[in-house]
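Down below is the structure, laid out as structure tokens.
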Ligand SMILES: N[C@@H](CCC(=O)N[C@@H](CS)C(=O)NCC(=O)O)C(=O)O
């Protein structure tokens, strides 16, 4: 059995979108839980098995999968028919894994620090800056609609999500990509799901 623990309008919303795009909603239960919000509302939910009380987390037959990058990779592999993952042996597998890892290791810290107004030369030396992220994405998308080319993958779903949340960056290639990624059944389903569940 697979269960996704989800709080409406949070980082787990993109996993609800992924489940729809993977046609996996009949195979994964969605448990709606509370989580502490930046504005002080919400709170840790005793039903949520994430060791830090965060969402998303997946319980797959008693094994926890946490961190959106890992959850996205795991679900795309479990439901391969949708073609959103990149399987072992595919020449683009390495690039796909790199985008997923780059999200967790670089994109999330850089954009979170920017949103909090925190700056330090050491941070730019370690992670690079939000402008560097944009330049990297713009270069990747300059001649292609999606990160891996013509095909939309789970990497696009994950990597575009901060801009869907915080707003498009005003770079034509990235803005058009964010629009393409938001114009999908999964994104629409997740928005409706969250509206139904009180967000
Ligand atoms: N890097 C994690 C971040 C998870 C995360 O921080 N989730 C937020 C919701 S947007 C949360 O649960 N916050 C509650 C808390 O930190 O206690 C991921 O991408 O899955």
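Pairs are defined by a Cβ separation below 6 Å, a sequence spacing of at least 6 or placement on different chains, a first member in segment 126-150 that is without any contact (Cβ under 8 Å) to a residue 24 or more places away in the chain, and a second member that is surrounded by 14 or more Cβ atoms within 10 Å (Cβ to Cβ) and assigned to a loop (DSSP other than H, G, I, E, B); the pairs so defined are 140/147.
Just one of the numbered conditions (1) at pLDDT 95 or above; (2) over 25 Å from residue 188 (Cα atoms) is not true of residue 39: (1).
Among the residues of segment 74-117, which ones are touching a strand residue (DSSP E or B) at 6+ places or on another chain (Cβ under 9 Å) and not in a loop (DSSP other than H, G, I, E, B)? Answer for segment 74-117, where residues must be touching a strand residue (DSSP E or B) at 6+ places or on another chain (Cβ under 9 Å) and not in a loop (DSSP other than H, G, I, E, B): 74, 75, 78. Quick check on residue 34: is it assigned to a loop (DSSP other than H, G, I, E, B) and either more than 14 Å from the ligand (Cβ to nearest atom) or more than 18 Å from the chain's Cα centre (by Cα) (or both)? Here the answer is yes, as residue 34 does meet what is asked.
Looking across segment 45-56, the residues that are near the ligand (Cβ under 8 Å from one of its atoms) and surrounded by 14 or more Cβ atoms within 10 Å (Cβ to Cβ) come down to 50, 53, 54, 55, 56.
Taking segment 1-18 as the range and being touching a helix residue (DSSP H, G or I) at 6+ places or on another chain (Cβ under 7 Å) and either closer than 19 Å to residue 85 by Cα or buried (at least 19 other Cβ atoms within 10 Å of the Cβ) (or both) as the test, the residues that pass are 4, 6, 8, 11, 13, 14, 15, 16, 17, 18.
Kindly indicate which of 141, 100 is crowded, with 17+ Cβ neighbours inside 10 Å, within 28 Å of residue 175 (Cβ to Cβ) and more than 16 Å from the ligand (Cβ to nearest atom). Testing whether each residue is crowded, with 17+ Cβ neighbours inside 10 Å, within 28 Å of residue 175 (Cβ to Cβ) and more than 16 Å from the ligand (Cβ to nearest atom) leaves just 141. Evaluating residue 3 against the criteria (1) touching a strand residue (DSSP E or B) at 6+ places or on another chain (Cβ under 7 Å); (2) within 21 Å of residue 149 (Cβ to Cβ) leaves one unmet condition, (2).
Going by the structure shown, is residue 136 part of a loop (DSSP other than H, G, I, E, B) and within 20 Å of residue 176 (Cβ to Cβ)? For residue 136, the condition - part of a loop (DSSP other than H, G, I, E, B) and within 20 Å of residue 176 (Cβ to Cβ) - is not met. Residues of segment 1-31 that are assigned to a loop (DSSP other than H, G, I, E, B), within 17 Å of residue 69 (Cβ to Cβ) and away from the ligand (no atom under 11 Å from the Cβ): 22 alone.
The values are calculated or read from the model by the stated rules, or taken from the named source; none is laboratory data. Everything quoted here is computed from the prediction, not taken from an experiment. Quick reminder, even Gly has a Cβ in these numbers, built from the backbone with ideal geometry, and neighbours come from all protein chains shown.
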